[in-house]
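Visitor: I am attaching a structure below and will ask some questions about it afterwards.
Every read-out reported here was derived from the displayed coordinates using simple, explicitly stated rules and does not represent laboratory data. If you're wondering where the values come from, they're calculated on a predicted model, not measured in any experiment. Backbone-built Cβ (ideal geometry, glycine too); neighbour counts: all protein chains shown.
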Amino acid sequence: MNILIKNGYVIDPKSNLEGYYDILIKDGMIWKVSKNLATENVHYITANRVIDASGKYVMPGFIDLHVHLREPGYEYKEDILSGSRAAAAGGFTTICAMPNTNPPMDCEEIIKAVIDKAKDAFVNVLPVGAITLGQEGKEISDIPALVKAGAIAISEDGKSVMNSDLYAVALKQAARLGIPVFAHCEDKALSKDGVINEGDKAKKLGLPGISNSVEDIIVARDIILAKETGAKLHLCHCSTEGSTYMLKIAKELGINVTGETCPHYFTLSDSDIPGDDSNYKMNPPLRSRKDVEAIKNALKNDILDIIATDHAPHSEEEKSRPMKNAPFGIVGLETAFSVTWTELVTTGIISCRQLVEKMSVNPAKILGIEKGCIGEGLTADVVIVDPETEYVIDKNKFLSKGKNTPFHGKKVKGRVLYTIVSGYIKYELN
């Protein structure tokens, strides 16, 4: 399929391209990028589809390092097909599937099964292998076999490997294999049965709290171990002021560590929780306003490298329970761009270029994949957005099976219009 995108404002930090360009996509690849293709004797290329992107932004497809597709085992919450469809609707062209499935992605057979199922997905799906067998924290998985089968990284997401000696061995193996380690930082002994952030709101609602130290202690440990082992450490869903401070110091010391946060952590605080509403329950929890400002500053100053979603769908029945009994997690694939554009770009906290870096360029770099760029000769993974469109988020219109979001009814600006994956239009706003 040949697609001609005309008159769009292209933002491509990796190739240092910004301005009005035409893009010709041929046979799944970026064939030509030019100021005006009509004058460059390419008329012999017949486009099956012409997209007039006047007034629109054209960017490399977004890449999400942190997605829970729930398959195998929890397909009633989400599956690879439905999750990838939601990803395409959100402008994502590549997503990383986290390993806390049932059974966990702790062996090559499951990794291969996910990859095989993902052949029919709407976007590129890259599986992340579990660090320990059964994610029980007792015995390391066969990490080389996971990587050979196609795992792009390893993680114990949903929990931390609390045995530091065991974890250090895994980090050393990851370093030798050249893959990143995605770290969920949670001291389980401290978090106990916590539900929301430890603070005034927890007291008001009579709910057990989760302190900042639950995250900060493991962030510190993991950074120290990364320094000693030489592993490429990526800190997932950073939510505290302390984690951003330690990440800054680690980078200044030359430690190979990066960090991500999610839209809910720079948009909402625990004071925004309206009551015992499980759509506001996630792990780590929504923190204080001081933490929210620290997260924003870390994004502005490029201390935090990535904006991910931690897309965690659950059934309506599960999320209708009281907070004490409901599972952690919210969906995010279909709201991430609009919330980020509204909260960070239109307010001047980060530039549009930084958004592309944090949602496309930097994730590709961490994964070591040739994406995150609209360069000639590269695979055509492209998103076209309208920066001016305003709309109200409606969970009932989500393509994900999960409707669990705190952003239902929120008015946002900026909308995904087209998502192109390997040269094919996988999403188009009707």
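Visitor: Taking the Cβ-Cβ separation of E18 and E390 as r and a Förster radius of 22 Å, what is the calculated FRET efficiency to the nearest 0.05?
Guide: It comes to 0.35.
Visitor: With only Lys, Arg, Asp and Glu charged, each at its Cβ (+1 for the first two, -1 for the last two), find how big the charge dipole of the range 61-367 is about the Cα centre; round to the nearest 20 debye.
Guide: 560 debye
Visitor: Pick out which of V392, V214, V114 has the largest mean-square fluctuation in a Gaussian network model of the chain, springs linking Cα atoms closer than 10 Å.
Guide: Comparing V392, V214, V114 in a Gaussian network model of the chain, the most mobile one is V392.
Visitor: Relative to the longest principal Cα axis of the chain, at what angle does helix 80-89 sit, 0 to 90 degrees, rounded to 10?
Guide: 60 degrees
Visitor: Could you work out which residue, out of M162, M359, M105, moves most in a Gaussian network model of the chain, that is, has the largest mean-square fluctuation with Cα springs under 10 Å?
Guide: M162
Visitor: Filter K281/K410; K159/K397; K248/K296; K32/K56; K281/K319; K117/K148 down to the pairs with a C-alpha to C-alpha distance above 21 Å, please.
Guide: Exceeds cut-off: K159/K397.
Visitor: Need the C-alpha centroid separation for the range 301-341 versus the range 347-375, integer Å.
Guide: 20 Å
Visitor: Now for a different question. Running a GNM on the chain with Cα contacts under 10 Å, which residue among P263, P127, P274 ends up with the highest mean-square fluctuation?
Guide: Taking springs between Cα atoms under 10 Å, the residue moving most is P274.
Visitor: Taking θ = phi - 60°, what integer Hz values does the Karplus form 6.51 cos²θ - 1.76 cosθ + 1.60 yield along the range 91-101, in sequence order, with x for Gly and Pro?
Guide: Rounded to whole hertz, the list is x, 8, 10, 9, 9, 9, 8, 6, x, 7, 9.
Visitor: While we're here: How big is the range 163-226 along each principal axis, measuring the range of its Cα positions in Å and listing the largest first?
Guide: 49, 18, 15
Visitor: OK, next. Kindly work out what percent of the DSSP beta bridges joining two residues of the chain are antiparallel, to the nearest 5.
Guide: Approximately 50 percent, going by the DSSP bridge assignments.
Visitor: Quick one: 3J(HN,Hα) in Hz for the range 325-337, Karplus 6.51/-1.76/1.60 with θ = phi - 60°, rounded, Gly and Pro as x.
Guide: 10, 8, x, 6, x, 9, 7, x, 4, 8, 10, 4, 5
Visitor: When the Karplus curve 6.51 cos²θ - 1.76 cosθ + 1.60 is applied with θ = phi - 60°, which whole-Hz ³J(HN,Hα) does each residue of the range 292-308 get, with x for Gly and Pro?
Guide: Values per residue, Gly and Pro as x: 4, 5, 5, 4, 4, 5, 5, 5, 4, 8, 6, 6, 8, 8, 10, 10, 10 Hz.
Visitor: Taking each pair of different alpha-carbon atoms in the range 173-277 once, compute 1/r for the pair, average those values, and report the inverse of that mean as the Kirkwood hydrodynamic radius in Å to one decimal.
Guide: Hydrodynamic radius (Kirkwood, Cα pairs) of the range 173-277 is 14.8 Å.
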